[in-house]
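Peer 1: Okay, here's the structure, questions in a sec.
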C-alpha cells in the first residue's frame, strides 16, 4: 500500500522540523494499520499443505514429534544401519540433501521447501567417513536427551565431543541433517539455541507457568525463550507487530516507549533470525491475527534477513511450514526512502562489489520476482549502488526514528 501523492507532497521536508507537524493523532496514524488488520481478519484462513499440491517434484517436510516418537525414529535409523552391516553392504546413512539445488520455491505456499533427494553417507568412503561418524554420535546424544527428557543448547552438544566435532558448525549442520532424516522439527531434538531474540511492548503470556508482561521489561525487553512451546495464553491489545532487524533500533524504540503511543509489539533477533524468534513470531501472528511490519537496513542483507522470516532459509527449508510468516510487510528503510526522507549523503554508504552481487542474486529469486514492488526497490539499490542503515535516520536527531519516520510511514500506509 502506498500513497504516491502524499509522498510527493511531504518528501521535500521529511528531514526538517516541519515533518513533525504533519504527524496526526495516534488514532489517525494507525488508520491504515487497522484497515490492514481488518482485511486479514476478513480473509479465510486456508493453510495449504504440500500434499494438496500436485507438484512436479516430491518434497519433504517435517512435523513436531514428542520424545518417544523421536527415540523411535533414532532407533529405526540405527537398526537400518545395523541391518545394512549384517548384509555386508556396509554402514551408512541416507541423508536428505539441503543444498540450494534441492530447494524449491512454491508460489502457492509462498515459501521455500525441500525436494525429496537424498545421498548416502558411507563410513567406508573416505570423503564421507567422518560425517557418518558425527551423524551416529549426534543420533546417540539426541536419544540420550529424549530418554532423560532434558534440553541442552547447541553449544552444550558441541562440548560433548570437541575432538570429534572440531568446530561447532559441524555439529550444528548435522543437527539439521538429523532433524530432516527423522522427519521432525529441530526443536523436537531437545537441542536449542542460546537466547538471542527479545520482545517488548503490548504483550502478555505465560512462560512455563510464570506470567510475563512485556510492558514491564524495561528497555532491554524480554528474552524470547528457546523453548517456545512453553509460551501459552498469549494476550495483546496491540494493533501490529514491529519486526526490527537490529538491537540498536529496538533499544531506541523501547526506551522511547513507542508501543505506548502506537500500541504494538516490538521484536528483534538482533540480526540473522534464530529458530526461536522465527517460531515466536509465527506463533504471535497466528494467535493475535494482526499485521507484521518490518524495519530493516536498506541493503541486500536487510532484505535477506527479512526473506528468512517470510520464505524460509536454505539451511532449514525442510521446516519452512513451521518457521515462516509469509505475509510480513516491508515498512522500511527502503532504497526509495533515502531521497524521500533527504538522508544526508554522508550517511549513505557505497555498496561493495559483494553487496551488488548479492542484490542482483536476490533479484533472480522467484519469491522476489513475485513482488513487483520489491523488484523496484532492489533496482534502485543496485542502480544507485548506495545502501544505508536504520541508524542513518539519527542524523536528524536520536529520536527521529520513533517520533517522525515510523509515525509518517504508518500514517501513509507506506509498506509493500
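The values are calculated or read from the model by the stated rules, or taken from the named source; none is laboratory data. It should be emphasised that the depicted structure is a prediction, and the values quoted were computed from it without experimental measurement. Ideal geometry is used to build each Cβ from the backbone, glycine not excepted, and the neighbour counts take in all protein chains shown.
Peer 1: Identify the single condition in (1) in contact (Cβ under 8 Å) with a residue 40 or more places away in the chain; (2) surrounded by fewer than 18 Cβ atoms within 10 Å (Cβ to Cβ); (3) out of contact with any helix residue (DSSP H, G or I) (no Cβ under 8 Å at 6 or more places or on another chain) that residue 132 does not satisfy, given that it satisfies every other one.
Peer 2: Of the numbered conditions (1) in contact (Cβ under 8 Å) with a residue 40 or more places away in the chain; (2) surrounded by fewer than 18 Cβ atoms within 10 Å (Cβ to Cβ); (3) out of contact with any helix residue (DSSP H, G or I) (no Cβ under 8 Å at 6 or more places or on another chain), the odd one out for residue 132 is (2).
Peer 1: For residue 313, are the conditions met, namely being under 24 Å from residue 106 (Cβ atoms), under 18 Å from the mean Cα position of the chain (by Cα), assigned by TED's automatic domain parsing to the domain that holds residue 246 and not in a helix (DSSP H, G or I)?
Peer 2: Against the criterion (under 24 Å from residue 106 (Cβ atoms), under 18 Å from the mean Cα position of the chain (by Cα), assigned by TED's automatic domain parsing to the domain that holds residue 246 and not in a helix (DSSP H, G or I)), residue 313 qualifies.
Peer 1: Run residue 103 past the list (1) closer than 30 Å to residue 362 by Cα; (2) over 23 Å from the mean Cα position of the chain (by Cα) and report the number of the one that doesn't hold.
Peer 2: (2)
Peer 1: Follow-up. Applying the selection to the range 150-183, what residues are out of contact with any helix residue (DSSP H, G or I) (no Cβ under 6 Å at 6 or more places or on another chain) and within 20 Å of residue 230 (Cα to Cα)?
Peer 2: Selection gives 150, 151, 152, 153.
Peer 1: Which residues, counting only those in the range 323-363, are in a strand (DSSP E or B) and more than 26 Å from the chain's Cα centre (by Cα)?
Peer 2: Listed by number, the list holds a single entry, 350.
Peer 1: Looking at the range 369-385, which of the residues that are touching a helix residue (DSSP H, G or I) at 6+ places or on another chain (Cβ under 7 Å) and free of Cβ contacts under 8 Å to residues at least 60 places away in the same chain is surrounded by the most Cβ atoms within 10 Å (Cβ to Cβ)?
Peer 2: That would be 382.
Here is a yes/no grid of residues against (1) touching a helix residue (DSSP H, G or I) at 6+ places or on another chain (Cβ under 9 Å); (2) within 23 Å of residue 279 (Cβ to Cβ):
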{"site": "42", "(1), (2)": "no, no"}
{"site": "82", "(1), (2)": "no, no"}
{"site": "95", "(1), (2)": "yes, no"}
{"site": "103", "(1), (2)": "yes, yes"}
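Peer 1: If you go through the range 96-107 one residue at a time, how many are crowded, with 19+ Cβ neighbours inside 10 Å and part of a helix (DSSP H, G or I)?
Peer 2: Residues flagged as crowded, with 19+ Cβ neighbours inside 10 Å and part of a helix (DSSP H, G or I) within the range 96-107 amount to 1.
Peer 1: Name the residue that is farthest from residue 120 (Cα to Cα), counting only residues in the range 70-95 that are touching a residue at least 12 places away in the same chain (Cβ under 8 Å) and surrounded by fewer than 16 Cβ atoms within 10 Å (Cβ to Cβ).
Peer 2: Selected residue: 75.
Peer 1: Right, something else. Among the listed residues 197, 218, 201, which satisfies the condition of being under 18 Å from residue 261 (Cβ atoms), assigned by TED's automatic domain parsing to the domain that holds residue 270 and buried (at least 22 other Cβ atoms within 10 Å of the Cβ)?
Peer 2: Among 197, 218, 201, only 201 is under 18 Å from residue 261 (Cβ atoms), assigned by TED's automatic domain parsing to the domain that holds residue 270 and buried (at least 22 other Cβ atoms within 10 Å of the Cβ).
Peer 1: Kindly indicate the residue of the range 395-408 that is touching a residue at least 24 places away in the same chain (Cβ under 8 Å) and surrounded by fewer than 20 Cβ atoms within 10 Å (Cβ to Cβ) and also nearest to residue 337 (Cα to Cα) among those meeting that condition.
Peer 2: It comes out as 395.
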